[in-house]
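Report on one structure; see the data block that follows.
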Amino acid sequence: MQMKETEKELVDMVLSGRSEAFEPLVTPYRQPLLALACRLTGNREEAREVVQEAFLRAFRHLPRYDASRSFRNWLYQIAANEARDRLRKRRREARLLEEAGRGLAAGRDPEAGCRAREIRSDLEKCLAVLGPREREVFILRDIEELDIRETARALGCSNISVRVNLSSARRKIRDVIRDKFPHLEEGR
């Protein structure tokens, strides 16, 4: 299916530097994409973030858009990919927390298992205070141990953005640990 004529005109306007034409280009797709993202993520708030990120990616990559393809399908593909990426990240976070808990319970005594579950729960609460980008940066940089450049590349952002988000994430986690989970800070 080819691109609609009005969409082609709006794409041409955006590509010629008139970025204000992007809003009317994507507005008709906001609700359908939100419904798709909601079904894929199972979370309305995360779905809103998926759609926002999909629109940002579409704007950044518009020069590479192939006008012989349907603009609608192209947007849907971007949104679906973003939702899948977020689900993979969510599963990876859960796996890392599970592995951390298992590692702590290596002694296999009941008290150690209980303690490991408590620590895992506390770690999840610490991560919950982070915004989505801070969480992604923190996990890739401090848990997955990617360097700044690799983290920036994986997230499609600048090195400075990684540094800013990482600094903010570490500060927030330090504050939460200090205020709510001092036992984690003490290493007990």
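The values are calculated or read from the model by the stated rules, or taken from the named source; none is laboratory data. Owing to the predicted nature of the structure, the values given are computational and were not obtained by experimental measurement. Cβ atoms come from the backbone with ideal geometry, glycine included; neighbour counts cover every protein chain shown.
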- Item | Matching residues, region 162-188, being over 26 Å from SER121 (Cβ atoms) and touching a Leu at 6+ places or on another chain (Cβ under 8 Å) | VAL162
- Note on region 33-55: residues of a type outside the set (A, V, I, L, M) and either more than 24 Å from PRO132 (Cα to Cα) or touching a residue at least 24 places away in the same chain (Cβ under 8 Å) (or both) are THR41, GLU46, GLU49, GLU53, PHE55
- From (1) out of contact with any Pro (no Cβ under 9 Å at 6 or more places or on another chain); (2) surrounded by 15 or more Cβ atoms within 10 Å (Cβ to Cβ); (3) of a type in the set (A, V, I, L, M); (4) modelled with pLDDT of 85 or more, pick out the condition that doesn't hold for LEU10. (1)
- Do we have ASN165 as modelled with pLDDT of 85 or more, of a type outside the set (A, V, I, L, M), surrounded by fewer than 17 Cβ atoms within 10 Å (Cβ to Cβ) and closer than 27 Å to GLU45 by Cα here? no
- Task: Only residues in region 57-81 that are not assigned by TED's automatic domain parsing to the domain that holds LEU155 count as the first member; pair them with residues that are among the small types (Gly, Ala, Ser), Cβ under 7 angstrom, at least 6 apart or cross-chain, and list the lot.
- Result: LEU75/ALA54; LEU75/ALA58; ILE78/ALA54; ILE78/ALA58; ALA79/ALA37; ALA79/ALA54
- Message: For a quick check of your reading of the model, give me the residue pairs whose first member lies in region 158-180 and is in the same structural domain as ILE143 (by TED's automatic domain parsing) and free of Cβ contacts under 8 Å to residues at least 60 places away in the same chain, whose second is among the basic types (Lys, Arg) and buried (at least 18 other Cβ atoms within 10 Å of the Cβ), with beta-carbon atoms closer than 6 Å and at least 6 apart or on different chains.
- Response: ASN165/ARG133; LEU166/ARG141
- Under the condition of being at pLDDT below 85 and of a type in the set (A, V, I, L, M), which residue from region 127-151 is surrounded by the fewest Cβ atoms within 10 Å (Cβ to Cβ)? ILE143
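Step by step: first the residues of region 130-184, then only those that are among the acidic types (Asp, Glu) and over 14 Å from the mean Cα position of the chain (by Cα), then the one that is farthest from ARG88 (Cα to Cα). Which residue is that?
Filtering region 130-184 down to residues among the acidic types (Asp, Glu) leaves 134, 136, 142, 144-145, 147, 150, 175, 179.
So of that shortlist, the ones also over 14 Å from the mean Cα position of the chain (by Cα) come out as 142, 144-145, 147, 150, 175, 179.
Numbers: ASP142: 18, GLU144: 14, GLU145: 17, ASP147: 20, GLU150: 18, ASP175: 28, ASP179: 31 Å.
Ranking the qualifying residues of region 130-184, first place goes to ASP179.
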- Query: Residues in region 95-107: is at least one touching a helix residue (DSSP H, G or I) at 6+ places or on another chain (Cβ under 6 Å) and either under 30 Å from PHE55 (Cβ atoms) or modelled with pLDDT of 75 or more (or both)?
  - Reply: yes
- Inside region 27-45, can you point out the residues that are surrounded by fewer than 19 Cβ atoms within 10 Å (Cβ to Cβ) and in a helix (DSSP H, G or I)? THR27, PRO28, ARG30, GLN31, PRO32, LEU34, ALA35, CYS38, ARG39, LEU40, ARG44, GLU45
- Message: Every residue in region 1-21 that is part of a helix (DSSP H, G or I), without any contact (Cβ under 8 Å) to a residue 40 or more places away in the chain and either closer than 15 Å to ALA83 by Cα or not charged (D, E, K, R) (or both), please.
- Response: THR6, LEU10, MET13, ALA21
